[in-house]
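Structure record follows, encoded as structure tokens.
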Amino acid sequence: MSRREVWWTAVGIFLVALVVRAAFAAQIVFPKPEDTAYYFGVARNMLEGRGLVSDALWSYATPPLVFPRPAFEVWLPLPAFLAAIPMALLGTTFAAAQVSSVLVGAVVPVLGWQLARDVASERDLPLGRARWVALGTGLTSAVYLPLVLNSALPDSTMPFAVIVLSACMLMTRVVRRPDGARLTDVRLLALGILFGLGALTRNETAWLAFIWVVFAWRSMDAPRIVRARAIGIVAVVALVVFAPWAYRNMQEFGSPLPGQAISNALYLTGYDIFAWNDPPTLARHLALGPAGLVQLRLIGLGHNLFNVLTLLGLPISVLGILALPWQGRPFALRPLVAISLIMFVVTSLVFPAATQWGTFLHAAGPVQVLIVLSAAFAIDAGMDRLGRRLGWTKQVSWVGVVGSVAACLLFSVALLPSFGSGSKTTMARYDELGPRMAAAGHPADEPGIRLMSNFPIWVAETLRVPTLALPDEPPRDVLDLAAAFPGARYLILSDPEGKHWPADLEADLPGSECFTPIDLGPYHGAGEDPLASTTVYQIECPGSTP
């Protein structure tokens with residue numbers, strides 16, 4: 001392909017991906033799930049001059065436990081920084097925050113296309129087939145539901161995908177040209193910057209750095225000093241990029257790195273992130289016994305394989321996963337295959353409960369592109385074999401491209417509106433909550449008031465009131481939490497799924513008498529009451545002073 005054709009193809013794929021993502025993002029009107037609301041809320045607080053803080057205290061494992069809460073005790077800041085850029089220009093709205101994720105997400109199919117070009121070149125495919133299989137990878141990624149969905153949400157998924165895909169392609173280029181291990185080599189500097197930005201996005205970047213060290217040391221055909229220099233240059237640049245954030249974390253949390261990784265591995269359910277008096281411990285984890293420990297990990301494996309990688313990508317996902325043992329062998333894919341396998345295995349087996357709440361989901365963007373690429377090459381190989389068997393005289397690789405794009409587009413068009421509808425339903429709930437509480441004589445925004453909820457981030461970012469996460473623990477433990485934070489006067493319970501709430505209140509366990517349901521009055525709008533599945537309790541024990 002000529003340079004001009006390469007550029008025009010890349011621009012065309014980007015524009016297709018951009019239009020698709022913008023059209024879907026317009027249907028998502030509320031930051032759902034809660035991690036999206038967190039990034040958006042921190043970006044808004046930063047632009048309002050409050051600093052890097054959050055009004056939600058959703059994890060009690062890392063001090064200081066204060067309001068406003070210093071942000072990113074667990075997660076990392078780059079998604080919030082990216083969201084803040086368009087918000088500074090267009091206003092501090094969720095729609096403005098989505099601009100960053102749409103633009104970043106539209107880059108991912110272009111990177112998938114380039115990666116497919118690398119593989120096609122390595123396999124010496126005929127020019128026509130190489131063009132079509134690369135174009136098929138790019139256009140299929142542009143309409144592939146898991147990638148489109150996450151491109152509408154300003155969180156870590158798409159930035160991490162761009163960083164990993166770019167880094168993996170740079171790794172193979174550096175290794176193939178060992179003379180590039182000079183101090184001023186742009187590729188090494190770029191790789192170091194990517195690692196630094198990755199460390200500001202997701203903790204899985206540590207695996208990417210490990211892969212680079214092993215890959216460079218084993219695959220670079222150069223003296224040891226050259227290999228060591230290549231590894232060292234990247235490490236120094238990455239540390240320079242990450243150092244300011246490490247210093248900030250040290251000042252705020254007493255550690256330069258994000259915390260809680262060990263406790264996350266000991267979760268029995270995702271609700272352990274909210275633990276107060278019953279935090280995850282090794283003894284409690286091992287108390288499951290051998291059968292329970294194996295079952296928990298099988299659940300984690302099943303969740304990541306089916307819920308994350310397969311269901312939303314049908315039918316392409318099934319073909320891509322099945323074809324990976326054959327299509328994932330090229331040298332150009334080795335770093336991407338390695339990090340995909342490591343992330344899948346580690347999150348499934350080491351974090352089996354936490355991953356059911358999104359640990360692997362938000363790191364899976366690069367894996368989704370790998371699956372699409374695998375499917376595209378499998379379809380190309382199948383069409384070529386069929387053509388040879390039937391004696392076709394013309395190349396028909398385009399048929400496979402049209403089929404895969406059409407299948408993914410049909411699936412996305414059918415399912416995407418349901419996500420938009422869900423966001424509207426959630427927005428209606430929280431739009432209604434504040435006014436109804438005030439009308440019932442229990443305004444949530446009085447000075448000194450703090451709320452508690454099983455969805456603390458959504459409550460905090462919509463009502464703009466300091467909000468505590470509800471531990472999935474008995475009423476007495478929750479009262480102990482409320483006592484530790486004076487002003488925690490109301491509990492907002494929506495769509496409860498935990499073990500204790502509201503079951504413990506219905507069972508009248510000790511402390512239940514301190515939680516009194518509030519009558520929020522009738523709903524005067526059209527349709528179903530948005531608060532039909534929400535109950536607000538006043539937290540006040542008989543005989544106590546309000």
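The values are calculated or read from the model by the stated rules, or taken from the named source; none is laboratory data. Quantities reported herein were computed from a predicted structural model and do not represent experimental measurements. Every residue, glycine among them, receives a Cβ derived from its backbone with ideal geometry; neighbour counts consider all protein chains shown.
Just to verify a result, which residue in region 462-503, among those that are over 15 Å from Phe67 (Cα atoms) and hydroxyl-bearing (Ser, Thr, Tyr), is surrounded by the most Cβ atoms within 10 Å (Cβ to Cβ)? Once the filter is applied, the top-ranked residue is Tyr490. Here Gly498 does not fit the description of being among the small types (Gly, Ala, Ser) and free of Cβ contacts under 8 Å to residues at least 60 places away in the same chain.
Considering only region 90-98, I want to know if a residue exists there that is on the phi > 0 side of the Ramachandran plot and touching a helix residue (DSSP H, G or I) at 6+ places or on another chain (Cβ under 9 Å).
So in region 90-98, the residues on the phi > 0 side of the Ramachandran plot come out as 91.
With the extra rule that they be touching a helix residue (DSSP H, G or I) at 6+ places or on another chain (Cβ under 9 Å), the set shrinks to none.
No, that holds for no residue.
Residues satisfying the criterion are present in region 358-376 (criterion: surrounded by 20 or more Cβ atoms within 10 Å (Cβ to Cβ), modelled with pLDDT of 95 or more and hydroxyl-bearing (Ser, Thr, Tyr)).
Only one entry of Val401, Val413, Val369 meets the criterion of being more than 18 Å from Trp113 (Cα to Cα) and of a type in the set (Val, Ile, Thr), and that entry is Val413.
Let's see how each residue does on (1) hydroxyl-bearing (Ser, Thr, Tyr); (2) over 30 Å from Leu481 (Cα atoms):
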site: Gln260; (1), (2): no, no
site: Ala265; (1), (2): no, no
site: Tyr271; (1), (2): yes, no
site: Asp278; (1), (2): no, no
site: Leu286; (1), (2): no, no
site: Gln295; (1), (2): no, yes
site: Gly313; (1), (2): no, yes
site: Val318; (1), (2): no, yes
site: Leu324; (1), (2): no, yes
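Go through region 214-234 and give me each residue that's part of a helix (DSSP H, G or I) and surrounded by fewer than 16 Cβ atoms within 10 Å (Cβ to Cβ). Talk me through it step by step, then tell me what you get.
Keep residues of region 214-234 that are part of a helix (DSSP H, G or I), which gives 214-219, 224-234.
The answer is Val214, Trp217, Arg218, Arg224, Ile225, Ala228, Gly232.
Where helices (runs of 4 or more DSSP H) sit wholly within region 433-546, those with at least 3 residues that are within 19 Å of Ala37 (Cβ to Cβ) occupy 456-463.
For region 346-387, a tally of residues being under 17 Å from the mean Cα position of the chain (by Cα), more than 18 Å from Val318 (Cα to Cα) and aliphatic (A, V, I, L, M) returns 4.
Among residues belonging to region 441-461 that are small (Gly, Ala, Ser) and out of contact with any Asp or Glu (no Cβ under 6 Å at 6 or more places or on another chain), point out the one that is surrounded by the most Cβ atoms within 10 Å (Cβ to Cβ). Looking at residues that are small (Gly, Ala, Ser) and out of contact with any Asp or Glu (no Cβ under 6 Å at 6 or more places or on another chain), I get Ser453.
Which one is surrounded by the fewest Cβ atoms within 10 Å (Cβ to Cβ) among residues in region 504-532 that are under 21 Å from Val478 (Cα atoms) and of a type in the set (Ser, Thr, Tyr)? Out of the qualifying residues, it is Thr516. Of the helices (runs of 4 or more DSSP H) that lie entirely inside region 109-210, those containing 1 or more residues that are crowded, with 23+ Cβ neighbours inside 10 Å and touching a Cys at 6+ places or on another chain (Cβ under 6 Å) span 127-143. For region 31-57, a residue qualifies if it is surrounded by fewer than 22 Cβ atoms within 10 Å (Cβ to Cβ) and part of a loop (DSSP other than H, G, I, E, B), and the qualifying residues are Lys32, Pro33, Glu48, Gly49, Arg50, Gly51, Leu52.
Restricting region 308-321 to residues that are free of Cβ contacts under 8 Å to residues at least 12 places away in the same chain and aliphatic (A, V, I, L, M), which is farthest from Leu296 (Cα to Cα)? Going through the qualifying residues, I end up with Val318. Inside region 323-348, residues that are without any contact (Cβ under 8 Å) to a residue 60 or more places away in the chain, assigned to a helix (DSSP H, G or I) and basic (Lys, Arg) make up a count of 0.
From the list Pro366, Pro417, Pro352, exactly one residue is more than 21 Å from Phe30 (Cα to Cα), in contact (Cβ under 8 Å) with a residue 12 or more places away in the chain and in a helix (DSSP H, G or I). Which is it? Working first, answer last.
Numbers: Pro417 fails: more than 21 Å from Phe30 (Cα to Cα); Pro352 fails: in a helix (DSSP H, G or I).
Sole residue among the options that is more than 21 Å from Phe30 (Cα to Cα), in contact (Cβ under 8 Å) with a residue 12 or more places away in the chain and in a helix (DSSP H, G or I): Pro366.
Which ranges mark the helices (runs of 4 or more DSSP H) fully within region 260-303 that have 2 or more residues being aliphatic (A, V, I, L, M), within 16 Å of Gln356 (Cα to Cα) and modelled with pLDDT of 95 or more? Full working, then the answer.
Numbers: elements: 261-265, 282-286, 289-302.
The helices (runs of 4 or more DSSP H) meeting that bar are 289-302.
Inside region 40-78, residues that are over 21 Å from Asp272 (Cα atoms), within 17 Å of the chain's Cα centre (by Cα) and touching a residue at least 40 places away in the same chain (Cβ under 8 Å) make up a count of 5.
Any residue in region 319-338 that is within 20 Å of Val213 (Cβ to Cβ) and surrounded by fewer than 16 Cβ atoms within 10 Å (Cβ to Cβ)?
Filtering region 319-338 down to residues within 20 Å of Val213 (Cβ to Cβ) leaves 331-338.
From what's left, surrounded by fewer than 16 Cβ atoms within 10 Å (Cβ to Cβ): 331.
Within region 319-338, one or more residues are within 20 Å of Val213 (Cβ to Cβ) and surrounded by fewer than 16 Cβ atoms within 10 Å (Cβ to Cβ).
Residue pairs whose Cβ atoms lie under 8 Å apart, separated by 6 or more positions or on different chains, with the first residue in region 12-30 and of a type in the set (D, E, K, R) and the second part of a loop (DSSP other than H, G, I, E, B), are Arg21/Ala152.
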